[in-house]
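Throughout, read-outs are computed from the coordinates displayed, never taken from laboratory work. These figures come from a predicted structure and were not determined experimentally. Here the Cβ positions follow ideal geometry from the backbone for every residue, glycine too, while neighbour counts run over all protein chains shown.
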Amino acid sequence: MSRHPTLYFADGTLTLKASDGTLYNVYQHHLIMQSDFFSGMLTLPIPNHPPISLTDNTKDWIQKARDAGLDGTSDATAVQLPDKFTNIDCERFLEFVFNTKGWTARVPDLDVLCSILKTSHFFAAESGVEYAIHHLENHEGLAAALRFKMGCDYHLTEWITQAFDELMSTSIKDMTAEDEQLIGQRAYRAIARAQAAVQDHRVTLAVCPPPPSHTNWCSGSMSNRKFCTDEWEAGWTSVSGVLGALIKAELPGSEIHDSLHAFSFGAMPFECRERTCTSLKDTADRRSVLKKEEDIIDAEVEALMKELL
């Protein structure tokens, strides 16, 4: 066993021990204030707890507690921290709680933030969880697969959704073994299903345009109706049309949905074009076919969360 060089305070009131034997002597009251886990553990009634007399000061009481062999009052009776945390994890957690490195004023490295989140979540230290999440939220080094795993580990549903969307942009065949291990087999299969379903939908939508919505100009003449339909389908399935946007440019369906009126549909009558484009927009009771890929992804994420959370 060895005492930590900076986290073994001479006037500390609680001795802790990491899995490698490193000892920390910290201020019990402050730790209780920061962590619901330690608050619950250290405020329970303790048998043979040394009484506090009117003449006792803190130093006297601690000595009585040590003499009684109370847990956490000496190196020999140090409270053992969970083996799931390395001494580095414990060090980072305590450094954050006691702010020995001024971390509240700077942004640590990715692995430090992950460590603080892991330990703070376990020890129910809300300030540590909030701090880590705040700095990890837009951290450039947080890859989608790791964000997904952390979202599952700590029940951060927004992270799961965000990471799933990011992973959808990478072909399943290009996903690394490390990514697959991080997200797990269930998520891997869900992404594979979603990618296949989205691709099928986009190809079908690209080559099979929705039927146009005709106006009075077309209703009285079959030739007018055919001309209008042909112009609509030709514009939709051209490289510069929706087909090109879906297959060549690979634009999201929602982006095409928002800019549909800007596409050219040849000599299709203006009223018919506007009516048809409007009919493909979202309504209060109907989701646009151009946004079906989002529904496919949302359904997979929802099912996945039910399995994993």
**Prompt:** Just one of (1) 19.1; (2) 20.4; (3) 24.5 is Kirkwood radius over Cα pairs in Å calculated from these coordinates, so which is it?
**Reply:** (3)
**Asked** Any idea what angle helix 177-207 forms with the longest principal axis of the chain, computed on alpha-carbon atoms, 0 to 90 degrees, nearest 10?
**Response** 20 degrees
**Complete:** The FRET efficiency for T157 and S2, from their Cβ-Cβ distance with R0 = 45 Å and rounded to 0.05, is 0.60
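Suppose R0 equals 41 Å; then what is the FRET efficiency for N216 and D298 from their Cβ-Cβ distance, rounded to the nearest 0.05? Let's see the in-between values first.
On the way: r = 39 Å, r/R0 = 0.94.
That gives a FRET efficiency of 0.60.
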**Request:** With θ set to phi - 60°, apply the Karplus curve 6.51 cos²θ - 1.76 cosθ + 1.60 along segment 17-25 and write out the HN-Hα couplings as whole Hz, x wherever there is a Gly or Pro.
**Result:** 9, 7, 5, 8, x, 4, 9, 10, 10
**HN-Hα J in Hz across segment 78-87 - Karplus 6.51, -1.76, 1.60, θ = phi - 60°, x for Gly and Pro** = 4, 6, 6, 7, x, 5, 5, 9, 6, 5
**Asked** Points 7 angstrom from Cα along the Cβ direction at V289 and R225: gap in nanometres?
**Response** 1.8 nm
**Item:** C-alpha long axis of helix 157-168 to longest principal axis of the chain, angle in °
**Value:** 50 degrees
**Asked** So who's got an amide H within less than 5 Å of the one on L14, skipping anything under 5 residues away but keeping other chains? H placed 1.01 Å off N, in plane.
**Response** V26, Q28
**Message:** Using only Cα atoms and rounding to the nearest 10 degrees, what angle (0 to 90) does helix 144-153 make with the longest principal axis of the chain?
**Reply:** 60 degrees
**Request:** For R3, enumerate residues with amide H under 5 Å from its amide H, sequence gap 5+ or separate chain, H modeled in the peptide plane.
**Result:** L23
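Going through the cross-link list K149/K248; K226/K292; K101/K149; K149/K281; K118/K306, which pairs have a Cα-Cα distance over 25 Å in this structure? Present the calculation step by step, with values, prior to reporting the outcome.
Numbers: K149/K248 32 Å; K226/K292 28 Å; K101/K149 28 Å; K149/K281 35 Å; K118/K306 22 Å.
Among K149/K248; K226/K292; K101/K149; K149/K281; K118/K306, the Cα-Cα distance tops 25 Å for K149/K248; K226/K292; K101/K149; K149/K281.
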**Asked** Given 0.36 nm per residue, what is the gain on full extension from K84 to K101 after removing their alpha carbon distance, in nm?
**Response** 3.7 nm
**Complete:** Once phi for every residue in segment 97-102 is put through the Karplus expression 6.51 cos²θ - 1.76 cosθ + 1.60 (θ = phi - 60°), the whole-Hz ³J(HN,Hα) values, with Gly and Pro written as x, are 4, 9, 6, 6, 10, x
**Prompt:** In terms of modelled amide H atoms, which long-range or inter-chain residues lie less than 5 Å from the amide H of S19?
**Reply:** N87
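Packing-wise, with mean Cβ within 10 Å as the measure, how do 33-39, 9-15 rank, highest first?
On the way: 33-39: 17.9, 9-15: 15.7.
Sorting 33-39, 9-15 by mean packing, highest first, produces 33-39, 9-15.
When the helices in the chain are scored as -39500 (n - 2.57) per DSSP H run of 4 or longer and the sum is shared across all residues, what 222 nm value do you end up with, to the nearest 500 deg cm²/dmol? List each step's numbers first, then the result.
Working: 14 runs with 164 residues, N = 309.
Theoretical 222 nm ellipticity from helices: -16500 deg cm²/dmol.
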